[in-house]
Amino acid sequence: MSVALERVSKRFGEFVALDEVTFGVDEGELVALVGPSGSGKSTLLRVVAGLERQDAGAVRIHGEDAAPLGPGDRRIGFVFQHYALFRHMTVFENVAFGLRVRPRRERPSGSEITSAVKDLLQLVELDALSARYPSELSGGQQQRVALARALAVQPRVLLLDEPFGALDARVRKQLRQWLRQLHDEVRVTTILVTHDSEEACEVADRVAVMHEGRIAQIGTAADLLRETANPFLGAFLADSPRPSASAKRIDYH
Amino acid sequence: MKILKTIARLTLALGFVAPIGGTAAAQQKVTLLNVSYDPTRELYKEINAAFAQEWKRRTGQDVEIKQSHGGSGAQARAVIDGLEADVVTLGLAYDIDEIAQRGKTLPADWQTKLPHNSTPFASTVAFVVRKGNPKGIKDWNDLIRPDVQVITANPKTSGGARWNYLGAWGYALQKNKGSEAAARDFVARLYKNVPVLDAGARGSTTTFVERGIGDVLIAWENEALLSVKQLGPDKFDIVIPSVSIRAEPPVAVNEVVAQKHGTSKVARAYLEFLYTDAAQAIAAKHYFRPTGPRSLAKYGDSFPKVPQFTIDQLFGGWAKAQKTHFADGGIFDQIYSTAGK
Amino acid sequence: MSTTIAPPAARHGIPPGLRAARRTATAATGESAIARWILIGIALAYLFLFLGLPLFVVFEEALKKGVGAYFTALRDAELLHALRLTLLVAGIAVPLNVVFGISAAWAITKGKVRGHALLVALADLPLAVSPVIAGLTFMLLFGMQGWFGPWLRAHDIQIAFTVTAVVLATIFVTLPFVARELIPLMEEQGVTEEEAAVTLGASGWQMFRRVTLPNIRWGLLYGVVLCNARAMGEFGAVSVVSGRIRGQTTTLPLHIEILYNEYDFTAAFAASSLLAMLAVVTLAAKHLLERSHHAARARLIQEQQEKQP
Ligand SMILES: Nc1ncnc2c1ncn2[C@@H]1O[C@H](COP(=O)(O)OP(=O)(O)OP(=O)(O)O)[C@@H](O)[C@H]1O
Ligand SMILES: [Mg+2]
C-alpha cells in the first residue's frame, strides 16, 4: 500500500467532513475520487497531504505513519484546482521551487536544477514557455506547470484536486488523455479528485465514490457501472454528462 | 514596558534626548527648560542668549535654555502632566496656581518669591484697527456699537483673551460706579459683536490680520505692536483706550523639578536676571512694559500713558476672577449663550 | 489628514497583459471622446487646484526673499534638528509598523486567528480617532497625573514630553497604514500559494520570504509610503505629547507651526518645502522601484520571445 487511510475522521466544528474513512491506494495506481460537492473529497486529499490534521484515525504513506510529518516532509505532490502557481515567478522558477527550498545539504547544484527543470518542462511540453509568468499562460498550460512543479520534488504520491475543473471541455479531454499517458510514463501513485464520472472512468485504474464523508463504493470503473446496488451511486453515474461515452470507454477498457 | 525602555535607550543613544538638567553640578553644561506661552518666543530667545553670557561670566558654566511655547493654559496642563520645566513663565497667575495645586511641583505662595508679584514685565490691553481707523474707534465703549465687529479669542481657552474680557469688564465697572449689572450688560453687548471666537490669541490675530475679518482686534499691547510691525505698519493702527487692565504675566521656578535636575540655583538666577536692566531693556524692545523703577524711568516714555487697574484691585485676584467669570456655568458662559441670540 | 483606502487592485502594478485588456474594455464601454476629455479635464483641474497650487505657493513663499534667504533659513540649527528628528521618528515608526502590519495582516487573513474582526477593528482605531485625542489619551497613560506616570517617575523613566513620546505617538497614529493595505490584498490572494509552497517542502520562513512577501510587495510598498508620509507629517498627536521643546522634541511640522506663528514666513515655508521634498523623494523612490521591476520583467519576456523561432 502506497497510501493507506485507517478510520480517518475529520470534523469542522459540528460538521463531519470525513467519517471513519478507510481506504488504500496501491503503488503506482491511479485512483479517481468522485462524489458530489461537499462530500469530503478535498478534505481527504488535504488530510493525506498534511494540510489538515485528522481528528481520529491514521494516514500511512508507504507503511509509515504520517502523523509526525508536516506537509513538507511527506514527499507529496499536490495540484490544486486553481493551480496555485506562484504568480511572481516564471514557469521555470515555479518548477524549480521545490528544489531550491531544500536544505543546503540536500539541495542540487544550480546546473542540476536547471537540467531537472528542463526535463520536467519537456515532459509537460512547456519547455518553450519557461520564462513566461503564470498570468501569461492559458489555463491548460498553467495546470501542466502545476503538475511539473509537483513532480519536481519526486513525490511518492501525487494528489490532484480537480485539476481540470476550471478548463473547458475540449482542453479537459486532451489533458486527461495526456495525464493518463504521463501516469503510464512516470507511474507515481496518484489520487485524482474529479466531479466528472466520465473523466474518472476514463483515466483511473480504480474509482472511489464519496458520499457524505464516507467512501460509498470502490472498484474498477467497469465493476462500478455494472453494480448499481447502491441507489445513490446509480444516480450519480447516471447523472454523468455522457453515459454513452463512458460506456464505450469501458467496453474498450 | 520593555519596548518603551528600548526606544528610550535608542533615542538616548542617538543623542536626541539631552537629559534635561541631570546631575548638573558635576556637568560642564547645564540645561534649563523654560515653559512659556505663545507671544514670548522672540523675547525669550534674546533674553536666553543674554543670560547665558552673563551666567558664563559669573560662574564659568555654560547654560542652555530650551524653550517650549503654546497657549498658556495648555502649557500649564503639560507641566502638570509632567513636562519637566525648570521655570514657568506663563500668561497669567491662574495657570501657575493650577500647577501649584494640581501638579504640586511648586509652592502655593510662589507669587511672593520674586518682586512685583513675580512679574518682571507687564503689558496692557490695546486695540488694533485698520489703517486710518475708519470706524473711529477710540475707547472701549466704541466696541459695543452695532456697526463694529470685534475680534478676540475665547476666554475659556485663551489666557490672553481673559485679560481682554476683564479689561472690558473693569472699564464698564469704573464707568458705571461699580455696578456689576451694568458691567455684565456691557460685556454681553461686546461679545455680541464678536463674529468668531478663536481658541488662542495668535489665532485671533491671524483672523484679523490675514483673513481681514473684523474692525478691531483686542490684543495685548506687545502682541499688537509686534504684529503691526511684522505684518504691515501701513495697514494697521494701534489705539490705546482711556483706561485698561494691567496684564501681568508672572514667572516662577518649578521647584520640585528644578531640585530633581539640580538646577534650582541657576533657575532662580535666570528669573532674577529678568529684573536686571539688561533684560528689562530687551523686554522693552519686544514691547513689554518694564516693571523695574529704573527701567520704567528709562523706557516709560516710549509707551503711551494709560491708567491701569489690576486683577487684584478689581477682581480680588485670579482665583476669584476665574471662578466667577470663566468656570463652567460662570458669567462668560451665561452671557455668551445669550449673546448669540 | 484624512485617508481613504482605495481597493488594492486599483493601485498595485497591473501586469502588461491586463493593460491591453483594459484598453479594449474602455473602448467597449463606449463613452464618447468628449466625455472622456471632460473627465480628464476635471481630474487635472482638481489636481492642480488641490495639489499643484499649494505646492507652488509653498515654494513661491519660501523663495520670496531670494535663494540666499532660503538657504540661510534651512541652515538654522533648530530646523536641522527638527528635520533629523522627523527622519528618526519615521525611521523607527515605519519599520515597526511594517513588522506589525505584516504580522497583523497575516494573523487576520491567513492565520485563521479567532476574533480577527476585533483585531481588524483595533488596527483601524487610530484612523477613527482624532490625533489630538490620541495625544491626550497618551497623556492619560504616561502623564504625571495618568496611569503609569507616577510609576515611571519613581523608576526614573521619562516618557511623556520626550522624543520617546513623539516616537510612540507617531507609531500609534501610523499603525493602521501598512496593515490596512495588506489585509484586503492578502485576503484576496488566499492561502493556496502558501499551501503549495509548504507541500513542496518550504519552511515557514522560506514560504514567507519567497511566496508571501513577493506577492504583497507592491501593497506593502504603498503602505510604507502612506505610513511614512503620515509619520513625517503628523502634527496633532505629536503636538500634545512632545511638550514642544524647541530643538529637542519639535518635529518638522511642529517647527513649521512655530516659525509661522513667529511671522517668520520665509523659514516656515522653507521648512515646508523640505517636508514637501521628503514626500516627493518617497514617491519617486516608490515609482523607481516599481519601474525597475516592470522593466526587468519586460526584458525577461523579450529575451524569451527572441529565443523563440
Ligand atoms: N476549513 C473548513 N472549515 C469548515 N468547513 C469546511 C472546511 N473545509 C471544508 N469544510 C466543509 O467540509 C465539507 C467537505 O468539503 P470538501 O472541500 O472536502 O468537499 P468536496 O467534496 O471537495 O467538494 P467540492 O466538490 O465542491 O470541491 C463541506 O461541507 C465543507 O463546507
Ligand atoms: Mg473540493
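Annotations
- Scanning the range B:239-251 for residues that are over 13 Å from the mean Cα position of the chain (by Cα) and under 24 Å from B:Y44 (Cα atoms) yields one hit, B:I245.
- Meets criteria (of a type outside the set (S, T, N, Q), part of a loop (DSSP other than H, G, I, E, B) and more than 27 Å from C:Q206 (Cα to Cα)) for A:G140: no
- Scanning the range B:60-79 for residues that are free of Cβ contacts under 8 Å to residues at least 24 places away in the same chain and of a type in the set (A, V, I, L, M, F, W, C), we see that the one that is nearest to C:R244 (Cα to Cα) is B:A74.
- Residue selected from the range A:36-65 under the condition within 25 Å of C:R210 (Cβ to Cβ) and of a type in the set (A, V, I, L, M, F, W, C), by the criterion nearest to ligand 1 (Cβ to nearest atom): A:L45
- Just one of the numbered conditions (1) surrounded by 21 or more Cβ atoms within 10 Å (Cβ to Cβ); (2) more than 16 Å from ligand 2 (Cβ to nearest atom) is not true of A:R104: (1).
- Condition broken by B:P134, with the remaining ones in (1) surrounded by fewer than 15 Cβ atoms within 10 Å (Cβ to Cβ); (2) in a helix (DSSP H, G or I) satisfied: (2)
- Here C:F100 passes the criteria (1) over 30 Å from C:G247 (Cα atoms); (2) in contact (Cβ under 8 Å) with a residue 12 or more places away in the chain; (3) away from chain B (no Cβ under 14 Å) except the one numbered (3).
- Flag if A:V171 is within 30 Å of A:G35 (Cβ to Cβ), free of Cβ contacts under 8 Å to residues at least 40 places away in the same chain, more than 16 Å from ligand 2 (Cβ to nearest atom) and in a helix (DSSP H, G or I): yes
- Qualifying residue in the range A:7-15 (condition: more than 16 Å from ligand 1 (Cβ to nearest atom) and part of a strand (DSSP E or B)): yes
- For the range A:49-77, a residue qualifies if it is within 16 Å of ligand 2 (Cβ to nearest atom) and in contact with a strand residue (DSSP E or B) (Cβ under 6 Å, 6 or more places away or on another chain), and exactly one does: A:A49.
- Qualifying residue in the range A:137-159 (condition: among the basic types (K, R), touching a residue at least 60 places away in the same chain (Cβ under 8 Å) and either more than 12 Å from chain C (Cβ to nearest Cβ) or over 20 Å from A:F86 (Cα atoms) (or both)): yes
- Looking only at the range A:181-200, and only at residues there that are more than 16 Å from ligand 2 (Cβ to nearest atom) and surrounded by 16 or more Cβ atoms within 10 Å (Cβ to Cβ), the one that is farthest from the other protein chains (Cβ to nearest Cβ): A:E198
- Within the range B:256-288, being more than 21 Å from the chain's Cα centre (by Cα) and not in a helix (DSSP H, G or I) holds for B:G262, B:T263.
- Apart from one condition, B:V30 fits all of (1) in a helix (DSSP H, G or I); (2) at pLDDT 90 or above; (3) among the hydrophobic types (A, V, I, L, M, F, W, C); the exception is (1).
- Filtering the range A:180-209 to residues that are part of a loop (DSSP other than H, G, I, E, B) and either without any contact (Cβ under 8 Å) to a residue 24 or more places away in the chain or away from ligand 1 (no atom under 13 Å from the Cβ) (or both) leaves A:R187, A:V188, A:A204, A:D205.
- Picking from residues in the range B:90-110 that are within 14 Å of chain C (Cβ to nearest Cβ) and of a type outside the set (A, V, I, L, M, F, W, C), the one that is nearest to B:P250 (Cα to Cα) is B:E98.
- Counting only residues that are touching a Leu at 6+ places or on another chain (Cβ under 7 Å), within 12 Å of ligand 2 (Cβ to nearest atom) and assigned to a helix (DSSP H, G or I), the range A:33-48 holds 4 of them.
- With a requirement of 2 or more residues that are in contact with a Ser or Thr (Cβ under 7 Å, 6 or more places away or on another chain) and at pLDDT 85 or above, the helices (runs of 4 or more DSSP H) lying completely within the range C:44-155 that satisfy it span C:53-62, C:66-74, C:77-109.
- Taken over the range C:74-92, residues that are within 9 Å of another protein chain (Cβ to nearest Cβ) and not hydrophobic (A, V, I, L, M, F, W, C) amount to 2.
- Taken over the range B:158-183, the criterion of being surrounded by fewer than 17 Cβ atoms within 10 Å (Cβ to Cβ) and assigned to a helix (DSSP H, G or I) is satisfied by B:Q174, B:E180, B:A181, B:A182.
- Tally of residues being of a type outside the set (V, I, T) and over 12 Å from the mean Cα position of the chain (by Cα) across the range A:28-54: 12
- Looking across B:E42, B:E84, one residue alone is within 11 Å of chain C (Cβ to nearest Cβ) and closer than 17 Å to B:E255 by Cβ. It is B:E84.
- Contact map, the range A:210-226: residues that are away from chain C (no Cβ under 14 Å) paired with residues that are more than 16 Å from ligand 1 (Cβ to nearest atom) and among the β-branched types (V, I, T), Cβ distance under 7 Å, separation 6+ or inter-chain. Pairs shown: A:A221/A:I250; A:A222/A:I250; A:L225/A:I250.
- Condition check for A:F92: outside the structural domain of A:G219 (by TED's automatic domain parsing), surrounded by 18 or more Cβ atoms within 10 Å (Cβ to Cβ) and either within 16 Å of ligand 1 (Cβ to nearest atom) or part of a helix (DSSP H, G or I) (or both): yes
- With respect to the conditions (1) in a helix (DSSP H, G or I); (2) touching a Ser or Thr at 6+ places or on another chain (Cβ under 8 Å); (3) modelled with pLDDT of 90 or more, C:F161 falls short on a single one, namely (1).
- Residue in the range A:20-58 that is surrounded by the most Cβ atoms within 10 Å (Cβ to Cβ), counting only those that are free of Cβ contacts under 8 Å to residues at least 60 places away in the same chain, among the hydrophobic types (A, V, I, L, M, F, W, C) and in contact with a Lys or Arg (Cβ under 9 Å, 6 or more places away or on another chain): A:V47
- Enumeration of residues in the range C:156-180 that are more than 9 Å from chain B (Cβ to nearest Cβ) and without any contact (Cβ under 8 Å) to a residue 12 or more places away in the chain: C:D156
- The single condition among (1) within 13 Å of chain C (Cβ to nearest Cβ); (2) away from ligand 1 (no atom under 16 Å from the Cβ); (3) among the aliphatic types (A, V, I, L, M); (4) touching a residue at least 24 places away in the same chain (Cβ under 8 Å) that A:A84 does not satisfy is (2).
- Candidate set from the range B:289-318 (those that are in a helix (DSSP H, G or I) and surrounded by 16 or more Cβ atoms within 10 Å (Cβ to Cβ)); member that is modelled with the lowest pLDDT: B:S295
The values are calculated or read from the model by the stated rules, or taken from the named source; none is laboratory data. Predicted model only: the values in this text are computed from it and were never measured. Quick reminder, even Gly has a Cβ in these numbers, built from the backbone with ideal geometry, and neighbours come from all protein chains shown.
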